[in-house]
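First up is the structure itself, then whatever we jot down about it.
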Amino acid sequence: MSRFRDSKFSSLKEYVPGEQPQDKKYIKLNTNESPFPPSPSVIKAVNSEEVSKLNLYSDPECKVLKETLANHYGMKTENVFLSNGSDEILNFAFMLYGNVNGAVFPDISYGFYKVFGDLYNINYEEIPLTDSFEINPEDYKNRNRFVVIANPNAPTGIALELSVVEDIIKSNRDNIVLVDEAYVDFGAESAIGLIGKYDNLIVCRTYSKSRSLAGARLGFAFASKELIADLELIRNSTNPYNINRLTQVAGTAAINEDSYYMNACKEISKVREYTADKLIALGFEVLPSKANFIFAKHKDIDGGELYLKLKEKGVLVRHFTKEKICQFNRITIGTKDQMDIFLDTVKTIMEEEK
Ligand SMILES: *Cc1c(COP(=O)(O)O)cnc(C)c1O
């Protein structure tokens, strides 16, 4: 660190993203990307004609993309916010609402919540998951604080029912409830139908997982028009051209060909169940996931050791060192062929352990 930096950042622990190794080719099951490429229309839309316009700024209002998304989800454009990855929405929301009365989120969840909590010096409480790694909805009711939950949660993959999410929103009418639905397309129930009903709800989504555009950086949120105006205030005060030209074009084309992605999500959910069954047959404990990953551990092998051995053999999964979950690995669901290689590799490692 330099001697010039504000000392308030001295103890900030930054977010550590999953590895993106550039050295050799891995079966990459570590950052919940889609194993499928973007749809044909996206590949066609991001063409040399669009590249040749990169001398010009992008539309700061993202008019075409916003209208396309609003139509697709049956919303008004005034209820839609677009961001450079959904991390940006989380950032803005913590900035806007975190210091009003403090914040609450689960102790085991998306790592960025805590990072933003620290970055903005927010008084936050990390609520422990239950022994079965579930969110206990009662812990989030009547909190009078900024409530953040991921549904399905990460890295557990466990989802709450919509009625339970609604109860949480309903009991927090005077503070914001942000529902991070990064993985909702893989089988959970979305809260977007509640946007018209509750002015304290923000639903946060991303193109990174279910729409094969992690590298394009595109997130979106639905909320009341007043909350969208809050988010726009911060966006326009930091980076009004937050969505680049190519990403706007790609995002629009993707929504116009949405059945491609929803079919891919169905396939991934099927392969998830297949992989979970096989792991259970090998003696693993697998949490019941509604996401594009599973969280699993085995009593005969240390989580960190399994991660390292898989990596040695060319399969990357995500391991977290936090004590409560260090025996687990989070395994992104790839194609059936990738998961068969993963399962064979696990089998080999388990046999070597004996
Ligand atoms: C991946 C992820 C995000 C962030 O995704 P972006 O790539 O920034 O859109 C947000 N929340 C959760 C729970 C995630 O897993």
For this session: Name the single residue, out of those in segment 109-124 being surrounded by 19 or more Cβ atoms within 10 Å (Cβ to Cβ) and part of a loop (DSSP other than H, G, I, E, B), that is nearest to the ligand (Cβ to nearest atom).
Result: 110
Exercise. Within segment 55-77, is there a residue that is within 16 Å of the ligand (Cβ to nearest atom) and in a loop (DSSP other than H, G, I, E, B)?
Worked result: yes
Exercise. Could you list, in sequence order, the residues of segment 78-108 that are more than 15 Å from the ligand (Cβ to nearest atom) and without any contact (Cβ under 8 Å) to a residue 40 or more places away in the chain?
Worked result: 99
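Limited to segment 14-35, what total is found for residues that are more than 16 Å from the ligand (Cβ to nearest atom) and part of a loop (DSSP other than H, G, I, E, B)?
Of the residues in segment 14-35, 6 are more than 16 Å from the ligand (Cβ to nearest atom) and part of a loop (DSSP other than H, G, I, E, B).
Rundown of residues vs (1) in contact with a Phe, Trp or Tyr (Cβ under 6 Å, 6 or more places away or on another chain); (2) within 22 Å of residue 133 (Cβ to Cβ), yes/no style:
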| residue | (1), (2) |
| --- | --- |
| 161 | no, yes |
| 167 | no, yes |
| 180 | no, yes |
| 183 | no, yes |
| 188 | no, yes |
| 193 | no, no |
| 196 | no, no |
| 205 | yes, no |
| 211 | yes, no |
For this session: Provide a single number: the residues in segment 17-60 that are surrounded by fewer than 17 Cβ atoms within 10 Å (Cβ to Cβ), of a type in the set (D, E, K, R) and in contact with a helix residue (DSSP H, G or I) (Cβ under 8 Å, 6 or more places away or on another chain).
Result: 4
For this session: Hey, could you check segment 1-36 for residues that are in contact with a strand residue (DSSP E or B) (Cβ under 6 Å, 6 or more places away or on another chain) and among the aliphatic types (A, V, I, L, M) and say which is farthest from residue 315 (Cα to Cα)?
Result: 29
Exercise. Mind checking which residues of segment 210-243 are outside any loop (DSSP other than H, G, I, E, B), within 11 Å of the ligand (Cβ to nearest atom) and touching a residue at least 24 places away in the same chain (Cβ under 8 Å)?
Worked result: 214, 216, 219, 220, 221
Problem set entry | Residue in segment 197-209 that is free of Cβ contacts under 8 Å to residues at least 24 places away in the same chain and more than 16 Å from the ligand (Cβ to nearest atom) present | yes
For this session: Taking residue 164 as the residue in question, decide whether it is within 30 Å of residue 30 (Cα to Cα), within 12 Å of the chain's Cα centre (by Cα) and of a type in the set (Val, Ile, Thr).
Result: no
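Values in this text are rule-based calculations from the coordinates and carry no lab data. Only a predicted model underlies this, so the values are computations on that prediction, with no experimental measurement involved. All Cβ positions, glycine included, derive from the backbone under ideal geometry; neighbour counts span all protein chains shown.
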